[in-house]
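Quick notes on the structure that follows.
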Amino acid sequence: MNAIETHGLSKSYRKIPAVQNLDLHVPEGSIYGFIGENGSGKSTTEKLICGLLVPTEGEIRLYDKPYTDTEIRSRLGVLIENPAYFPNSTVYQNMMMQAMNLDVKKPHNDVRRVLELVNLTSVAGRKFKECSLGMKQRIGVAQSLLGNPRLLILDEPINGLDADGMRIVRETLVDLNRKYGVTILISSHILGELSKIATHYGIIRQGTLVREVPASAMSEECRNFVFVKTNNNPRALQALRGKYAQVEPNADGIRIYNEEESANVSGFLFENGIAVSEISFQKVGLEEYYLQTMTERKEVNKNG
Amino acid sequence: MVKRVRSLLSLDFYRLLRTPIFYFMLLVSAAVPTLILLSGNFENAWEVVSQTASPFAASGGGYASISMIFIFAGILLSFFISHDFKSGFVKNIFTVHAKKQDYAVSKTVIGVFSSACMIVMYLIGTVVTGLITGKSFEVSIIGLLCCVLSKLALSVGFSALFTMINVFFRRQFGFGIAGAFVFGTGMLVMTAAAGLAGTAMEPLLQIFLYGSAVTANLSANVLDVFTSLVCSLAWAGVYTGVSNFILKHRDIA
């Protein structure tokens, strides 16, 4: 079963489309990385799913029920754009209000639990407006965990976090997903961080879903290659192109897409009088995969 | 629905009781009858609660009545609702509460509760100042009771009205406050009354909230309480319906 499913979902602002005919499928128990450029429609989609925007067209279903279903909505943890709290109330008061909103049975205990999860019990008595950006983000993540959610929708949750903050959030999310089967829809520009946890990806461009792919399938699509740096890259490139079919210059080195022959690369270059300063096995990462997908899409659009 | 609204109510009450402006409005509610009694030429302390007749077209001390708490409740609700939208907390609310009418109902209940507290403070202010200044307290107890109960009943309609205005204007609480003054002082009804006073049409003004509020004076009886309640609930239904419509058809954030 899909935790989130949309059919032909569209949203326009004054006839300008923000999301068009979107068919999203977020499998139950997955961590779904939702990626796209700025203004591509990620936040709009998430707001639509949360019922904060009125769709122009289309249908949204959560766990195979209409998205207005009260029971499901009360098990939804959300952080969209930034934590929405009363600036003059304390962190604790704000979280208590959200816990009450969710009808949590023992709100005080739950607030303490989630603040401990993100290492922020010490700021509970601080006014929300006095918290740093990083703290606010972590508070937002903590807030989304109130009431043991079944589905988390997180929009850029690691924005503004330091390395330690990112690690805490990442570990918390993975824990929730693995231990309690919480489904997570997460959008982020920090693709390296996202690739550490996502089990599925959805790529959106100009309000249209370009590709939906499980991380395992993406991994197969992402080819392995040998990366070499030499004392004379142009010469090395020329020599390697004579021997291997797929050789590409890349940044300050060269990529050879031929695993079987990779062991011979170093020897081959040495025989040609080229000194190797670095050689390693690598794999196309999420960022590159994403950029390739976007480039392909742009070309498809350009060619009509 | 009760369960849904209950969770929203617990949140709203938690917040209300930690909102300084709520306590400020309570103080204002107690201070107003004090100031009126001290500045006006009243022999009977209860005259600041209401008149014994029903002057639709207010003149002089016509406004000096407990009906002013409707304005205070309107101002309080304007701050309360606009801050929901300004802070963005409204996103948390509507993510959980898919049924938009819950929001309007909860805010109306908050308005009624605040109005009830303000009525009590207004009465306390009246009694204390009356005692200090040695005013007379002669009054028909039933009339006073019916008057206060009518105002309480009408606070349902007024709270729903102010909720609707603020749901429409959202962050712009200035409009909400202006609405509190326009409707809380019964400006529209007063204007209509100027043309209808003394005619056979005058009783029709009672179908409006402020019309009922004016009629519910110190000589009110059980029928007036009933009339106020029916009028209030009917308008509350209309205003809550409109609030729900606005919330359902407009983007929240």
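The values are calculated or read from the model by the stated rules, or taken from the named source; none is laboratory data. Quick caveat: nothing in here was measured; it's all calculated off a predicted structure. All Cβ positions, even for glycine, are placed from backbone atoms using ideal geometry, and neighbour counts span all protein chains on display.
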Exercise. What number of residues in region A:90-123 are basic (Lys, Arg) and touching a Ser or Thr at 6+ places or on another chain (Cβ under 9 Å)?
Worked result: 1
For this session: Only one of these is of a type in the set (S, T, N, Q) and surrounded by fewer than 17 Cβ atoms within 10 Å (Cβ to Cβ): A:30, A:12, A:43. Name it.
Result: A:12
For this session: Return yes or no: is residue A:153 of a type outside the set (Asp, Glu), in a helix (DSSP H, G or I) and modelled with pLDDT of 90 or more?
Result: no
Exercise. Just to be sure, is residue B:189 in contact with a Phe, Trp or Tyr (Cβ under 6 Å, 6 or more places away or on another chain), farther than 30 Å from residue B:84 by Cα and in contact (Cβ under 8 Å) with a residue 12 or more places away in the chain?
Worked result: yes
Seminar exercise, completed: Scanning region A:118-151 residue by residue, the ones that are surrounded by fewer than 24 Cβ atoms within 10 Å (Cβ to Cβ) and either outside the structural domain of residue A:94 (by TED's automatic domain parsing) or of a type in the set (A, V, I, L, M, F, W, C) (or both) total 11
For this session: Considering every residue within region A:280-296, establish whether at least one is buried (at least 16 other Cβ atoms within 10 Å of the Cβ), part of a helix (DSSP H, G or I) and at pLDDT 80 or above.
Result: no
Problem set entry | When residues of region A:192-210 are limited to those that are closer than 22 Å to residue A:133 by Cβ and surrounded by 19 or more Cβ atoms within 10 Å (Cβ to Cβ), the one nearest to the chain's Cα centre (by Cα) | A:194
Exercise. Is it true that residue A:176 is more than 13 Å from the chain's Cα centre (by Cα), assigned by TED's automatic domain parsing to the domain that holds residue A:56 and on the phi < 0 side of the Ramachandran plot?
Worked result: yes
For this session: Having 2 or more residues that are at pLDDT 80 or above and within 14 Å of another protein chain (Cβ to nearest Cβ) is the bar; report the helices (runs of 4 or more DSSP H) wholly within region B:182-253 that clear it.
Result: B:222-249
Exercise. Residue A:136 versus (1) within 13 Å of another protein chain (Cβ to nearest Cβ); (2) under 22 Å from residue B:17 (Cα atoms): which is the lone unmet condition?
Worked result: (2)
For this session: Might you check whether a residue that is over 20 Å from residue A:212 (Cβ atoms), assigned to a loop (DSSP other than H, G, I, E, B) and among the charged types (D, E, K, R) occurs anywhere in region A:41-64?
Result: no
Problem set entry | Checklist (1) over 23 Å from residue A:215 (Cβ atoms); (2) surrounded by fewer than 22 Cβ atoms within 10 Å (Cβ to Cβ) applied to residue A:25, failing item | (1)
For this session: With the checklist (1) part of a helix (DSSP H, G or I); (2) at pLDDT below 95; (3) charged (D, E, K, R) in hand, flag the one item residue B:99 doesn't pass.
Result: (1)
For this session: For residue A:35, state whether it is β-branched (Val, Ile, Thr), within 10 Å of another protein chain (Cβ to nearest Cβ) and either in a strand (DSSP E or B) or in contact (Cβ under 8 Å) with a residue 24 or more places away in the chain (or both).
Result: no
For this session: Please enumerate the residues belonging to region A:65-87 that are more than 9 Å from chain B (Cβ to nearest Cβ) and part of a loop (DSSP other than H, G, I, E, B).
Result: A:75
